[in-house]
Amino acid sequence: MEVRGPAGANRVSDETLGCIFAHLDSPGDRKAVSQVCRQWRRVDANTRKHVSIANCYSVAPAALSRRFPNLQSLKIKGKPRAFEYELLVPNWGGYARPWVAEVARGYAQRLQSLWLRRMHVTDADLTLLAQSCSESLQVLKLHKCSGFSTSGIHDITTYCRSLRVLYLEESAISPSERGGEWLHELALNNTTLEDLNFQYLHEFDDISITDLEGVVENCRSLRSLKVSEIDILDMRGVLSKAHNLREHGTGCCASIGDPLRAGGVDLPRTIIALSGLYELNEIGLPMVANLLPNLKKLDLKYTLLSAQGHVQILSHCVSLEELEVRNVLGDDGLIMVARTCRQLRRIRVDESDGEGFLSPLGMIPIAQNCTKLEFLVMYVVDINNATLRAFGENCPNMKDCRFVLLSTLGTVDDLPLDQGVRCLLKGCRKLTRFALYVRHGGLTDEGMGYIGEYGGNLKWILLGCAGETDQGLLRLAVGCQSLERLEMRDCPVTEAGLATAAVSMKNSLKYMWVQGYQATDAGGRLLARARPFWNVEICSGSSQLPGQLLAYCTLAGPRTDCPPEVDLLSEIAPARENWEL
């Protein structure tokens, strides 16, 4: 429908624009159309159903409902990624309370989905959320959050009886006097659950198998069930009733083969994604054998398998698309993955506590055979330019690529990696996320320049021990005009260099975290003055951690919940309301 506007001009109606905008899923596309004119901005605001906030301090919670009054889904990230590695003070911030209060005020009985990541959530927050969104809330994800107990979860499962997803993975949840009552409420009152995840939780033992069986029996749409370290032999009754299960995170497998525990475990043949497998060893392999040819996702990080045990499992995974494992699998394991898993799209190989070594001997076959790779993380003891070149030449769909060279092991002969980085970025044109953690001398200013020259699509970069001078960082900044997040550790850059880089990327850069930079008496004020609406936080070094700097764009002004260990610089522009997402 067209509406006759001023001066006889034809204008598309709000209703028509709303139908068109409904097909725009990308936040970037939404942001672009909202900047065309006032009408398009208004229609975008009224029709936006989902907002994702990468930094809880980047905007004021009160602006949320004013800008987007009809939201149904909200995702918020709190603490920086560095918090996961204990690189920030424990009480850094990331409090969910202001956001939950805004949800209760502006979206009561309307918000359907809330995803909080790395945030401090209290039981009071969960109670408020449960009471204000009891009829509407269908999806609650608390990923790597802390501060709450099973009492808060109990209120969620008591009030919110239309939950489809309850996701608590890797959160630090304290026990309470209510114990496992939250699960009992879920078993009694919920019939819509599709995804229940309380995997990788510590001290989360008060789980009733009877209640878990009740959930599986009543929720016929349950497709994903991931549990904590429950004895897998106790799960036999649960699994026998889970006829439609597609994803399963198992309990502890240590009792398999125990002569005092009769019988085995039959995993549902419908499973195509398998994780957990706590303490699984070679004795337990028959339990998973029948599933392996059809598995799409497999996580072996918490098993006790030897390198040969990994090879034995992976030799049957012909349909695998996603693999997570620790580097105990070794080069032999990688070679088996390359030989068998030709459909692989994602692989993550983390560091292990025991013996485990990855080198070009195993990585190059991965690059040559797993040509559909889109995501790769490798913790390695040796790397060379040929390895990076192989991925650049064979993996054109790569979007996220990360290499971490373990600093204490082995001798690396083929450094610097400048030419390898050049070939990787030149070949992987879809790359938007790139991490390279090497040793000093592993990437020179020339290599930093190659990142700028060929990394025009990069949105996130993590560098460790990279570069030689500020000039290298500047060459990177001039070329990476799409970069939104920059993280650096132990790189030889100065505060002036960081400020210059921030100015060079002023149209895109939203976040910068730097640890181990060359601080000056200015104490971060050069960086604070470099950009408007730019919060800069300084945390002085200690015997355990070097000093660090965190800078981020914000429309909310300086935050008020900084801990004493963090110095929030005062050269900050006041808050503004013109919020663009």
Q: May I ask you to say which residue of Cys160, Cys145 is closer than 25 Å to Tyr278 by Cβ, at pLDDT 95 or above and crowded, with 21+ Cβ neighbours inside 10 Å?
A: Cys145
**Q.** Residue identified as closer than 22 Å to Glu324 by Cβ, among the aliphatic types (A, V, I, L, M) and either free of Cβ contacts under 8 Å to residues at least 24 places away in the same chain or buried (at least 22 other Cβ atoms within 10 Å of the Cβ) (or both) among Met448, Met398
**A.** Met398
Q: Give Leu304, Leu291, Leu323 a once-over and let me know the one that is within 24 Å of the chain's Cα centre (by Cα), closer than 25 Å to Glu170 by Cβ and of a type outside the set (Lys, Arg).
A: Leu323
Q. If Ala172 passes every condition in (1) aliphatic (A, V, I, L, M); (2) buried (at least 19 other Cβ atoms within 10 Å of the Cβ); (3) closer than 26 Å to Gly94 by Cβ but one, which one does it miss?
A. (2)
Q: Filter the stretch 458-485 down to the residues that are among the acidic types (Asp, Glu) and assigned to a loop (DSSP other than H, G, I, E, B), then identify the one that is nearest to the chain's Cα centre (by Cα).
A: Glu484
Q. Across the stretch 337-355, what is the total count of residues that are buried (at least 22 other Cβ atoms within 10 Å of the Cβ) and touching a helix residue (DSSP H, G or I) at 6+ places or on another chain (Cβ under 6 Å)?
A. 2
Q. Quick one: which of Asn294, Asn327 is polar (S, T, N, Q) and modelled with pLDDT under 95?
A. Asn327
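Results for (1) more than 19 Å from Ala54 (Cβ to Cβ); (2) among the charged types (D, E, K, R), shown as yes or no for each residue.
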| residue | (1), (2) |
| --- | --- |
| Leu126 | yes, no |
| Ser134 | yes, no |
| His143 | no, no |
| Ser149 | yes, no |
| Ile153 | yes, no |
| Ile156 | yes, no |
| Arg161 | yes, yes |
| Val165 | yes, no |
(Q) Anything in the stretch 106-127 that is buried (at least 20 other Cβ atoms within 10 Å of the Cβ) and assigned to a helix (DSSP H, G or I)? List them, or say none. (A) Asp125, Leu126
Q: Scan the strands (runs of 3 or more DSSP E) fully inside the stretch 366-457 and keep the ones with 1 or more residues being within 23 Å of Ala338 (Cβ to Cβ), in contact with a Cys (Cβ under 8 Å, 6 or more places away or on another chain) and among the small types (Gly, Ala, Ser).
A: 433-437
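Let's see how each residue does on (1) basic (Lys, Arg); (2) surrounded by 18 or more Cβ atoms within 10 Å (Cβ to Cβ):
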position: Asp206; (1), (2): no, no
position: Glu217; (1), (2): no, no
position: Arg220; (1), (2): yes, no
position: Leu225; (1), (2): no, yes
position: Ile230; (1), (2): no, yes
position: Met235; (1), (2): no, yes
position: Ser240; (1), (2): no, no
position: His243; (1), (2): no, no
position: Gly249; (1), (2): no, yes
Q.
So if I check each of Arg178, Arg236, Arg220, which one is in a helix (DSSP H, G or I), of a type in the set (Lys, Arg) and out of contact with any Leu (no Cβ under 7 Å at 6 or more places or on another chain)?
A. Arg236
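The values are calculated or read from the model by the stated rules, or taken from the named source; none is laboratory data. Note that the structure is a prediction, hence the values are computed from the model and not measured. FYI the Cβ positions are ideal-geometry reconstructions off the backbone, even for glycines, and counts take in every protein chain you see.
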